[in-house]
Amino acid sequence: MRATLAWTRRSAVVWVAAPLMALAGAAAVASPASWDFSFGGASGHIESLCVVIAPAIAGLVAWEASRGRRSGFYELEASTARSALLVGARVIGVGAALGIVVYVAAAALVAFRFSPYGSPQLAVIALGALVIIAWAALGYAIGLWVPHPATAPIVAVASYLFLVVDSSHSLAWTSLVAGVDQGCCGLNVAPRTGALAGQALVLTGLIGVGFLLIAGRRWQSRARRPGGGLTLRSVGAMGLVAALIAGGVGELRTGNGALLVSSPPPSHYPCARAEGLTVCVWPAERSQLGLATRAAALAFAPLQGLPDVPRRLYAQGLLPPQRAARTGTFSLPLGRVSAQSLAVSMVGGLAGAVPSCAKRLPGGGASWPGDQVLAELQGWLIHQVEPDTTVEALVPPPAQPELSSLLQAPAARQHAWAAQALRAQHDCSLPAPPIP
Amino acid sequence: MKALSHSFGGLRRGRPVRALRQVSFGLHSGINALLGPNGAGKTTLLRLLATTLRVQHGQIEIGGVCFGADSTTSGSLGQYRQRLGYLPQRGGYLGHLTCEEYVAYVAWLRGMPGKVAPAAASTALAKVGLGDHRRTKLTALSGGMLRRAGIAQAIVNEPDLLILDEPTAGLDPEQRQGFYEVLGGLDPSTAVLLSTHLLEDVEALRAGVVVLAAGTVRFEGPSTELAELGGGPGLRAAYIKLVGSPPVQLPPA
């Protein structure tokens, strides 16, 4: 083991680990182009980091392979007992392992820097690792066949261009052959299993192509058994690789317009119940479901006697199959949040929206009778969740006397007033109820 | 080896060049020198023996392994390669490695377990007088020391057959003397086949000789017989008689 470890320590791949990490880190913290702040969306951004990492690894591994041939070492190596595939796999393995370490570190950086919420799309992130392995295998094979000093930079640049150009191709299935799709995922879409499998098949096929080229280089030059030309095993290996690529491309071309993503079916929405309330979130937000349920109970359980207070709550954009009565929506905010502050945000959503019956004002505003008590209503709703908050912190000065008066009234009268005030926020024919 | 023929080039590369024509000779334990002018086919022959070239015609039978184009192979090429030591003409040095790392890596390639390879490398380096340079990078070695590091990698597995392609090329007389001493210290049962175009090498090593010219064997036998063929004490006259041109002469020391 020591002999191979020493070789690994001297590998060019190891020496560029730090600059490669810096490069990937810079790409990781660069402003995300299109992903929302869920971990699902971030998964696409993480996967796109392999566009930077994979070409660098491919170039380095090509350098390792071509260096051996240029120095004449390949001639010596060909006379030894170790299989060319084993020797190649070791070089490719060191390169790919380093690339994956950098990739995982950059992914952690994305998670730390942007604090996305929800669960990552692990299959998409794993696909990025497969891209790195595939390009390492191809880079080594090319370096072996073309041992020119310029091979390594050419491999790096060409693979970068391929990954960038192909992944931005307008034809959907072609763009997915690269195995990179920055816009793959989001809160409201999940990767299509078939498309992911198609990409994985193509990439596995490319790894196979790399190893076939390595075996072919050795086969071309070295002594072998008589009749040891195209054996059944080698023909089988070529057939398998061709089948993998053809199967992958076929899978990408068919089904769902070759799109990688599809909206998750309603049956996949994670839901939970607490105190008579049902809360549903996107699959990507599954890890936040407990928090959302606690917040919903905190916010709405005491208000259930009021009109229009939702009993079923859905994460923003997650529309139920048939919009039922007493349904509401909420948004999970960025970063870490307490159940109480999320509950405040939820009750805040009960009032404040301009009703469609409101009279539009020339300055761009709107007016309806209920808006005269809107501030007091919003302050009262928040006070139900955070009773310790002072009136001064809840509403602006003109509304503070009225809210104070309201909060001093008996609880039953407060609820009756809130019920009327809430109705007046949706029905423009109703007057604003007087403060008790 | 029997009736080995080999050609380079072909349809796309123009007229094929026949490097070897029906070459047959036997290898014996001890040192065997392959003597011949440039272009005689020495390197091609050694590469065929080292299994880095495919046998086109003829067969090689050595140490219970038989491989070739026309025959049924017996034995295992893998085992043959494990028992082989090879120093290619271009050396095949990995300059970014230290002597010990380089030799240990070749030991691993020869099939030695990775755990024992460093110890075997140290032993081999000590045998060639590079024991104090185990941690020196190959790029920091002189030409003669580099050649010794090459020999160390070739003997690290204590091979049954040691193939050395022009191992003394570029060495000064003192370095060549050191090289002869290294070869003299090898296990007598090891068959060494070295190619050279220097008569001095053959005389110093008192080796069995195969003279190769234009791809054919012109002489096979002990160096004393070769000298007798020329009618004098040295090999020069016999060489000229067999090859048709004078041998390469070293510049005066």
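The values are calculated or read from the model by the stated rules, or taken from the named source; none is laboratory data. All of these numbers come straight from a predicted model, not from anything done at the bench. Neighbour counts are summed over all protein chains in view; Cβ atoms, including those assigned to glycine, are modelled from backbone coordinates with ideal geometry. Protein only, heavy atoms only, side chains kept; ligands, DNA and RNA dropped before computing areas. Shrake-Rupley method; radii C 1.70, N 1.55, O 1.52, S 1.80 Å.
Quick one: count up the residues across region B:143-168 that are open to solvent by 10 Å² or more (accessible area, probe 1.4 Å), free of Cβ contacts under 8 Å to residues at least 40 places away in the same chain and touching a strand residue (DSSP E or B) at 6+ places or on another chain (Cβ under 9 Å).
Number satisfying all stated conditions: 1.
In contact with a helix residue (DSSP H, G or I) (Cβ under 9 Å, 6 or more places away or on another chain), at pLDDT below 85 and within 7 Å of chain A (Cβ to nearest Cβ): is that true of residue B:8 in this structure?
The answer is no for residue B:8.
Any residue at all in region B:160-173 that is farther than 18 Å from residue A:10 by Cβ and within 9 Å of chain A (Cβ to nearest Cβ)?
Checked against the condition, which is being farther than 18 Å from residue A:10 by Cβ and within 9 Å of chain A (Cβ to nearest Cβ), region B:160-173 yields at least one hit.
Looking for something within 7 Å of chain A (Cβ to nearest Cβ) and modelled with pLDDT of 80 or more - is there at least one such residue anywhere in region B:31-51?
There is at least one residue in region B:31-51 that is within 7 Å of chain A (Cβ to nearest Cβ) and modelled with pLDDT of 80 or more.
List the helices (runs of 4 or more DSSP H) that sit entirely inside region A:1-88 and contain at least 1 residues that are under 30 Å from residue A:215 (Cβ atoms) and modelled with pLDDT of 90 or more.
Where helices (runs of 4 or more DSSP H) fall fully within region A:1-88 and carry at least 1 residues being under 30 Å from residue A:215 (Cβ atoms) and modelled with pLDDT of 90 or more, they are A:50-70, A:73-78.
Just to be sure before I move on: is residue A:297 surrounded by 15 or more Cβ atoms within 10 Å (Cβ to Cβ), more than 28 Å from residue A:189 (Cβ to Cβ), out of contact with any Leu (no Cβ under 8 Å at 6 or more places or on another chain) and not assigned by TED's automatic domain parsing to the domain that holds residue A:424 in the structure I sent?
In short, no.
Here is a yes/no grid of residues against (1) under 23 Å from residue A:254 (Cα atoms); (2) open to solvent by 40 Å² or more (accessible area, probe 1.4 Å); (3) not assigned by TED's automatic domain parsing to the domain that holds residue A:241:
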| position | (1), (2), (3) |
| --- | --- |
| A:137 | no, no, no |
| A:149 | no, yes, no |
| A:154 | no, yes, no |
| A:196 | yes, no, no |
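Which of the residues spanning region A:94-128 are in contact with a Gly (Cβ under 8 Å, 6 or more places away or on another chain), part of a helix (DSSP H, G or I) and either among the β-branched types (Val, Ile, Thr) or surrounded by fewer than 23 Cβ atoms within 10 Å (Cβ to Cβ) (or both)?
A:105, A:109, A:124
Does region B:114-133 contain any residue that is at pLDDT below 90 and at the interface with another protein chain (Cβ under 10 Å from one of its Cβ atoms)?
Yes, there is a match, as at least one residue in region B:114-133 is at pLDDT below 90 and at the interface with another protein chain (Cβ under 10 Å from one of its Cβ atoms).
Could you list all residues from region B:96-110 that are open to solvent by 10 Å² or more (accessible area, probe 1.4 Å) and facing another protein chain (nearest Cβ under 7 Å)?
Answer for region B:96-110, where residues must be open to solvent by 10 Å² or more (accessible area, probe 1.4 Å) and facing another protein chain (nearest Cβ under 7 Å): B:96, B:101, B:108.
Among A:187, A:201, which is the only one that is of a type outside the set (Gly, Ala, Ser), in the same structural domain as residue A:12 (by TED's automatic domain parsing) and at pLDDT below 85?
When all the criteria are applied, what remains is A:187.
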